[in-house]
Amino acid sequence: MSEASNLSGKVIKPGGTIGILGGGQLGRMLALAGRNMGYRFVTLDPTDDAPCGQVADEQIQADFDDVEAARKLAALSDVITYEFENVDAHVTNILMNESYVPQGSELLYTTQHRLREKRAIEAAGVPVAPYAEITSAAELREAAERFGTPCVLKTATGGYDGKGQWVLRSLDEVEEAYETLSRAKTELVLEQFIHFDKELSVIAARSPRGEVKAFPAAENIHVHNILHQSIVPARIPAQVQKEAEELAVRIAESLGVIGLIAVELFLTKDGQLYVNELAPRPHNSGHYTMEACRTSQFEQHVRAICNLPLGSTELLSPVVMVNLLGEHIEPLQEQIDQPDFLEHSELGVSAKVHLYGKKEAKEKRKMGHINLLTSDVAKALTWIEQTSIWESK
């Protein structure tokens, strides 16, 4: 039974204070959505003038493992949520004991570890790519021979945007790959490489009262292992979209999710869906919902953790979300005041720009995104091609 299952009656109404562990862009957009609903926000983050801190009522500037800072966050908050998965276990226990954390610790425990996550997905009756736990170079060689190359070796904990991974393209790489990733001092997992036709994701929300809703599936395009575009509606058959959304709902219910769960999937050419990863929070591939859906993922997360009725996930407009990395900020600034940039009359594309308030535009650092609202996603993709912003990506 989920830790949150006995909290079905608790409601945090507008006027209450939501504490956010983490002060990045996800927390920022969560706070902006919740402030519209009348909630107050306090965030804990070590970064001076953090993106979420800029829009919250208060920022506690401290490291994430700072026990006293965690206690202060608990004392100031009616409900606490998090914007990233790798929350210190000791801090999580303090928050659970001294405040209200409807998401609980079980889901964090599961999604912080790839092997536990895969087993939980399988227990929900949802397919994952074939995998094997790896504890030695010999085991890696045996599994790689069984799966065939290419295959992907990953650390069980940590790693994002392609970090903590090694794509084995030849058995000659086995010893080097094992030696390199085993330095992380965590378990390793080898995954069979899925020759996918498309990468998809579905954001689902579940409240303590058991209400579950899924947003439309997004078709995702990555560049250098970083999300570049999310296209909605995904260019897939309606039945596949329905199945992807049903899988996300099944996972949310099986894992007892409170708040959001992002389910990343591979779609093969023969129409098979495999879950790749989970993220128990708002997700980059759900940013399209901010203008394109009746309820944004951020408002939905606030509704879910506060136990309000969930909002409609209806798609109001086709949309393409495109990420802005550090190298894209200068060309964006050069073009943003030009005719046909924010409102392209010929293509019928409206560009909604979101910047995250980060001080330094480092290369490959996520600095913002643009939601391109359109009558046809092909027009938005043409808009992206006609600008020079992403030429350096």
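The values are calculated or read from the model by the stated rules, or taken from the named source; none is laboratory data. The model shown is predicted, which means the values in this text are computed figures rather than measured ones. Every residue, glycine as well, gets a Cβ built from its backbone with ideal geometry; the counts of neighbours run over all protein chains shown. Just the protein is used for accessible areas: all its heavy atoms, side chains included, with ligands, DNA and RNA removed. Shrake-Rupley method; radii C 1.70, N 1.55, O 1.52, S 1.80 Å.
Quick look at the numbers
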{"item": "Members of segment 89-117 that are among the acidic types (Asp, Glu) and either open to solvent by 60 Å² or more (accessible area, probe 1.4 Å) or in contact with a Lys or Arg (Cβ under 7 Å, 6 or more places away or on another chain) (or both)", "result": "98, 106"}
{"item": "Any pair with Cβ under 8 angstrom, 6 or more apart, that starts in segment 333-360 at a residue that is open to solvent by 100 Å² or more (accessible area, probe 1.4 Å) and ends at one that is assigned to a strand (DSSP E or B)", "result": "343/349; 343/350; 343/351"}
{"item": "Some residue of segment 296-305 being among the small types (Gly, Ala, Ser), under 14 Å from residue 218 (Cα atoms), in a helix (DSSP H, G or I) and open to solvent by less than 10 Å² (accessible area, probe 1.4 Å)", "result": "no"}
{"item": "From the options 203, 194, residue that is at pLDDT 95 or above and surrounded by 15 or more Cβ atoms within 10 Å (Cβ to Cβ)", "result": "203"}
{"item": "Members of segment 236-280 that are crowded, with 20+ Cβ neighbours inside 10 Å and free of Cβ contacts under 8 Å to residues at least 12 places away in the same chain", "result": "none"}
{"item": "In segment 213-235, the residues that are open to solvent by less than 40 Å² (accessible area, probe 1.4 Å) and free of Cβ contacts under 8 Å to residues at least 60 places away in the same chain", "result": "217, 219, 234"}
{"item": "Among (1) modelled with pLDDT of 95 or more; (2) assigned to a loop (DSSP other than H, G, I, E, B), the one test that residue 42 misses", "result": "(2)"}
{"item": "Counted residues, segment 158-191 - those being part of a loop (DSSP other than H, G, I, E, B) and either free of Cβ contacts under 8 Å to residues at least 24 places away in the same chain or open to solvent by 50 Å² or more (accessible area, probe 1.4 Å) (or both)", "result": "11"}
{"item": "Cross-chain or 6+ apart pairs with Cβ under 7 Å, segment 52-78 first and closer than 14 Å to residue 99 by Cβ and part of a loop (DSSP other than H, G, I, E, B), then open to solvent by less than 70 Å² (accessible area, probe 1.4 Å) and of a type in the set (Phe, Trp, Tyr)", "result": "78/100"}
{"item": "Residue count for segment 302-320, restricted to those that are in contact with a Pro (Cβ under 8 Å, 6 or more places away or on another chain) and among the polar types (S, T, N, Q)", "result": "2"}
{"item": "Residue under evaluation residue 208, criteria (1) in contact with a His (Cβ under 6 Å, 6 or more places away or on another chain); (2) closer than 29 Å to residue 11 by Cβ, criterion not met", "result": "(1)"}
{"item": "Index of the failed condition, residue 379 passing every other in (1) farther than 23 Å from residue 200 by Cβ; (2) open to solvent by 30 Å² or more (accessible area, probe 1.4 Å); (3) not aliphatic (A, V, I, L, M); (4) not in a loop (DSSP other than H, G, I, E, B)", "result": "(1)"}
{"item": "Hey, residue 37 of a type in the set (A, V, I, L, M, F, W, C), closer than 17 Å to residue 299 by Cα and surrounded by fewer than 18 Cβ atoms within 10 Å (Cβ to Cβ) or not", "result": "yes"}
{"item": "Close pairs from segment 365-380: first under 14 Å from residue 230 (Cα atoms), partner assigned to a helix (DSSP H, G or I), Cβ under 7 Å, at least 6 apart", "result": "371/290; 371/291; 371/292; 372/380; 372/383; 373/291; 373/292; 374/380"}
